[in-house]
Every structure is written in structure tokens, then in C-alpha cells.
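The values are calculated or read from the model by the stated rules, or taken from the named source; none is laboratory data. These numbers were taken from a predicted model, which means no experiment stands behind them. Please note: Cβ atoms are built from the backbone with ideal geometry, for glycine as well, and neighbour counts cover all protein chains shown.
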Amino acid sequence: MSIWDFFVWFFWFYIAVSCLWIFITVIIDVFRDPTLNGWAKALWTLFLVFLPFLAVFVYLIARGRSMAERNAAASRAATAQTDDYIRSVAATDSPTAQIESAKRLLDSGAVTASEYEALKAKALRTA
């Protein structure tokens, strides 16, 4: 096997993997699209099974923009959900942290002993 045979084999392997990736992406998009009804999904699937290359080209031309919009919307939703989760976890102020913060204020002289006791009681009530 010469180096050129290897490069030809590698090229065709790349083409095959790329085609498989595109077919899978289109099939996933067909089933995730809420605007398509069941019959339309079935017809697109049949089209993809029997004439895969033509079906992919037609799908990308006809529905490529909405495909990109759905992917962008899903990405934004996932990012928003992650951000909300991080905010909810980071924002939790445990009673221990509140009492510790009040103690630092007491030690620095920013609050009096009675104010410290009130802050401590409030933190323990929310627990």
C-alpha cells in the first residue's frame, strides 16, 4: 500500500463519515421540529431513506434556515437554564453564612450587640 493509496482511502473515509454525520443531523432535526406533523416527518424520513443525498440537499435548501434557528434557540435555552441553576445555587445564603456575616459586622463595629442578636435570630428563623 503506497502513501497515495492511504490518502485516497483517508479521503473516502472522511467523505463517508461526513455524509453519515449530515444524515444523522437532518434526521434528528426532522424529529425535533415541532412545526412538522407526523405525516410530514414520515415523508421526510422515507425520502431520506430511499434518496438520501437528494433528500439532504432538498432539506437543507428548504428548511436550513429554520434548522439553524431551532439549534440557536435550543442553545440559548440550555445556556439560560444553566445560568439560572448557577444563580440559584450561588445565591443560597445559608443561616450559617448569614450569622458569620453578622459576626464580622459585629467585630468590625458596624453593628451593636443587640443588632447582631437580631440578625442572628432572623437568620435562624429563615432556616
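Of all residues assigned to the stretch 103-115, none qualifies as being in contact (Cβ under 8 Å) with a residue 12 or more places away in the chain, surrounded by 10 or more Cβ atoms within 10 Å (Cβ to Cβ), in contact with a helix residue (DSSP H, G or I) (Cβ under 6 Å, 6 or more places away or on another chain) and not charged (D, E, K, R).
Residues checked against (1) closer than 24 Å to ASN71 by Cβ; (2) in contact (Cβ under 8 Å) with a residue 12 or more places away in the chain; (3) not basic (Lys, Arg):
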position	(1), (2), (3)
VAL26	yes, yes, yes
ARG32	yes, yes, no
LEU43	yes, no, yes
ALA55	yes, yes, yes
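Being among the β-branched types (Val, Ile, Thr) and part of a loop (DSSP other than H, G, I, E, B): is that true of THR96 here? No, not satisfied. Of a type in the set (Lys, Arg), in a helix (DSSP H, G or I) and either surrounded by 11 or more Cβ atoms within 10 Å (Cβ to Cβ) or at pLDDT 95 or above (or both): is that true of ARG70 in this structure? Taking the combined requirement at face value, the residue satisfies it.
Taking the criterion of being of a type in the set (D, E, K, R) and surrounded by 11 or more Cβ atoms within 10 Å (Cβ to Cβ), would at least one residue in the stretch 73-92 satisfy it? The answer is no; no qualifying residue exists.
Of all the numbered requirements in (1) surrounded by 11 or more Cβ atoms within 10 Å (Cβ to Cβ); (2) touching a Ser or Thr at 6+ places or on another chain (Cβ under 8 Å), LEU46 misses one, and that requirement is (2). Candidates ALA77, ALA62, ALA97, ALA55: the one that is more than 30 Å from THR25 (Cβ to Cβ) and small (Gly, Ala, Ser) is ALA97.
Would you check if ASP33 is under 19 Å from the mean Cα position of the chain (by Cα) and surrounded by 14 or more Cβ atoms within 10 Å (Cβ to Cβ)?
yes
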